[in-house]
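Step one of this worksheet: look at the structure below.
The values are calculated or read from the model by the stated rules, or taken from the named source; none is laboratory data. Every value quoted in this text rests on a predicted model; they were computed, and no experiment measured them. Using ideal geometry, Cβ is built from the backbone for each residue, glycine included, and neighbour counts are taken over all protein chains shown.
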Amino acid sequence: MDAGHGVSGAHALLRQLARGLSAYRLYPGDLTQPAFQGAVERIRDAAGTALGAGPAEALVRAGRFHVDDHEVIDEAADRLAEACFSRRVEYVRIDRPPTVDELDAFYEVLGRDPEDVTEAGGVAALLDARGVGSITALAGAPETDAVDGDHDESDPEAALPVLALLPGDTASSVYDRLRGAQETLDEVVSARSSFYRRAAGLVAGLDEQQQAAFGSLVLDRMQTDAFAERYAGHLADPEIAELLARAARFRGVEPVEVAVEFVRISARQQTLVAVVRDFVSGDTLDGAPDGSRIAHAAADLRDAFPSDAADGRRLALLALADYLRCDVSSEQLERVVGAVTRQLRAAVGDGDGEVVRELLDTLDAARPDVDSECQDLLAAPRHHALTPHVLRKTMRARRAGSEGPAEVLRPFGTAAIDALVAALASDERSDRRVIATLAALARDRPRILGRHIDHERWHVVRDLAKVLVSIGGPATAAPLVALAGHDHPTVRHEALHGLTKLPPADSAAALARAVPVMRTRAEQRDGLDALAACDAPQTPALLRDLASSRGSHALPWLMRRRARRLARRSERP
């Protein structure tokens, strides 16, 4: 790449790829959502600029991209670099603008747990299996010809010394021996992650006290010793969290304080502090210093919440509630919201209404404490969790102990109504399950259906009329009267049927309003007959009003005569 134009072009491309990852994480697998489609267009534009001088290449070191020996300092690009780094990717190359399917595969792989990626053979193997040809992501940078001449390409670790623990080894002796090996080896070999992974394996053989002392040595020398800097830089976040926690224990200080200092002197992101906090509250509590306020608080939580699934979920919800109130960037919040959306989809599909209510309540409780932009992000899961696939799954769920679809969807409020109406719009055939669920959700407030009554698709309005008929009661009279004058005859038929199912007094009053707006004489005749059949005291008076020629909605002469005749009959004892 051109040193000037190429670096800036690659930087811009990496930034857009990172933003595409953020959009994808919100709604994984949904390639039609506008945010992701916009990201795809921006990636194509950036690729057109960056790839003009050849492939865009970047190394990944300690969770940050490096292009042509220049560190890419960009918060958005750092998120993509961290996702790659935690999955052992050290080299990324983009040869051509990626397609939507290739981006889907790339982002899906970066969304998997790092351990799962490693077990599956690494990012490169997974991308190759998905047929991704535009993006290359390797565990090490391709060797140059000069390097290939010095080392056996089939065994990149052939030049590494055989490192093993010796009797009486301490943290200091192991550190000195590893540092000496790093200085002695060829620079290319000593820069590889494989060397530092073997070094970490050697350290893991020390006892707990010496491992803690080794971590303290690394922290002390990071700013003055190349080995310490590179050793820490090649550790993934969970590994560095363990190192920091042990070093803090060795020094008798707070692990979070050590993490904050480490972030300050390294290229790691602020989110590492949360990783350390999580690590401390988990497996390392028993050995924490007595004066550690965080350790005591975490121990109290551990004792208060026994280790079963329900209590573990409540603890996770407490942590989520606290995190949502932290001063985090919108990009960090996007990732959390994306995870919550995935959990909501799983809970809805499984018919687990309790989890749905807990997650939505947690999001709602945090909204007053954040700015308007973050409030919009916190509202997003309510509107985007109910995909057509999720709705179909929860409609068909018949698992023992699972709640009915209406109870699972009720916490979503109007978002559930909107999603179910969208489901009706996708098929002209009536879906009894969707209609029954809508009726259950709107039974106490049928007016919530009002904004969909004039839907552009007649079959949706027909089904909404069926919903109103199922609900019944005086509150459904007004929308049914409006539908009695709809353009489509099937809708008008459903409306008349619904009006006859109301209580007699309500039915009579509603039919009297509906007859004048009916489109055909046959419908008006049926409406008058239905009104005459209502066993209500006001029926004769309503028929006489319809028989009158006064008013702007006077009936045709034949219909007025019929109304007059029916009024006389209804007055007879």
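For the criterion of being on the phi < 0 side of the Ramachandran plot and assigned to a helix (DSSP H, G or I), Arg562 passes. All of (1) over 20 Å from Ala46 (Cα atoms); (2) buried (at least 16 other Cβ atoms within 10 Å of the Cβ) hold for Glu108 with one exception: (2).
The residue that is modelled with the highest pLDDT, among those in region 445-471 that are crowded, with 19+ Cβ neighbours inside 10 Å and within 30 Å of the chain's Cα centre (by Cα), is Val460. Exactly one residue out of Ala232, Ala245 is over 22 Å from Asp78 (Cβ atoms), at pLDDT 75 or above and either surrounded by 18 or more Cβ atoms within 10 Å (Cβ to Cβ) or not assigned by TED's automatic domain parsing to the domain that holds Glu261 (or both), and it is Ala245.
Here Ala522, Ala541, Ala530 are screened, and the one residue that is buried (at least 18 other Cβ atoms within 10 Å of the Cβ), small (Gly, Ala, Ser) and part of a helix (DSSP H, G or I) is Ala530. For region 511-528, the criterion of being small (Gly, Ala, Ser), touching a residue at least 24 places away in the same chain (Cβ under 8 Å) and within 27 Å of Arg457 (Cβ to Cβ) is met by at least one residue. Mind counting the residues in region 90-100 that are within 24 Å of the chain's Cα centre (by Cα) and either modelled with pLDDT under 90 or buried (at least 18 other Cβ atoms within 10 Å of the Cβ) (or both)? Total satisfying the criteria: 1. Inside region 40-70, residues that are part of a helix (DSSP H, G or I), within 24 Å of Phe85 (Cβ to Cβ), of a type outside the set (Val, Ile, Thr) and touching a residue at least 40 places away in the same chain (Cβ under 8 Å) make up a count of 3. For Asp104, state whether it is in contact with a Phe, Trp or Tyr (Cβ under 8 Å, 6 or more places away or on another chain) and in a loop (DSSP other than H, G, I, E, B). For Asp104, the condition - in contact with a Phe, Trp or Tyr (Cβ under 8 Å, 6 or more places away or on another chain) and in a loop (DSSP other than H, G, I, E, B) - is not met.
Within region 544-562, the residues that satisfy the criterion of being more than 60 Å from the chain's Cα centre (by Cα) and either at pLDDT 90 or above or buried (at least 16 other Cβ atoms within 10 Å of the Cβ) (or both) are Arg544, Ala547, Trp557, Leu558, Arg560, Arg561, Arg562.
Picking from residues in region 196-211 that are closer than 13 Å to Ser172 by Cβ and in a helix (DSSP H, G or I), the one that is modelled with the lowest pLDDT is Val203. Which of the residues belonging to region 388-410 are at negative phi, of a type outside the set (Ser, Thr, Tyr) and modelled with pLDDT under 80? Of everything in region 388-410, those that are at negative phi, of a type outside the set (Ser, Thr, Tyr) and modelled with pLDDT under 80 turn out to be Arg396, Ala397, Arg398, Arg399, Ala400, Glu403.
Does region 426-444 hold any residues that are under 15 Å from Leu386 (Cα atoms) and surrounded by fewer than 18 Cβ atoms within 10 Å (Cβ to Cβ), and which are they? Ser426 - this is the single residue of region 426-444 that is under 15 Å from Leu386 (Cα atoms) and surrounded by fewer than 18 Cβ atoms within 10 Å (Cβ to Cβ). In summary, Pro114 fulfils each of the numbered conditions (1) farther than 16 Å from Ala58 by Cα; (2) at pLDDT 90 or above; (3) touching a Ser or Thr at 6+ places or on another chain (Cβ under 8 Å) with the single exception of condition (2).
Screening Ala385 against (1) modelled with pLDDT of 80 or more; (2) out of contact with any helix residue (DSSP H, G or I) (no Cβ under 7 Å at 6 or more places or on another chain); (3) among the aliphatic types (A, V, I, L, M) leaves a single unmet condition, (2). Within region 338-376, restricting attention to residues that are polar (S, T, N, Q) and surrounded by fewer than 17 Cβ atoms within 10 Å (Cβ to Cβ), the residue that is modelled with the highest pLDDT is Gln375. Would you check if there is a residue in region 171-181 being assigned to a helix (DSSP H, G or I), at pLDDT 75 or above, under 27 Å from Glu115 (Cβ atoms) and of a type outside the set (Ser, Thr, Tyr)? Within region 171-181, one or more residues are assigned to a helix (DSSP H, G or I), at pLDDT 75 or above, under 27 Å from Glu115 (Cβ atoms) and of a type outside the set (Ser, Thr, Tyr).
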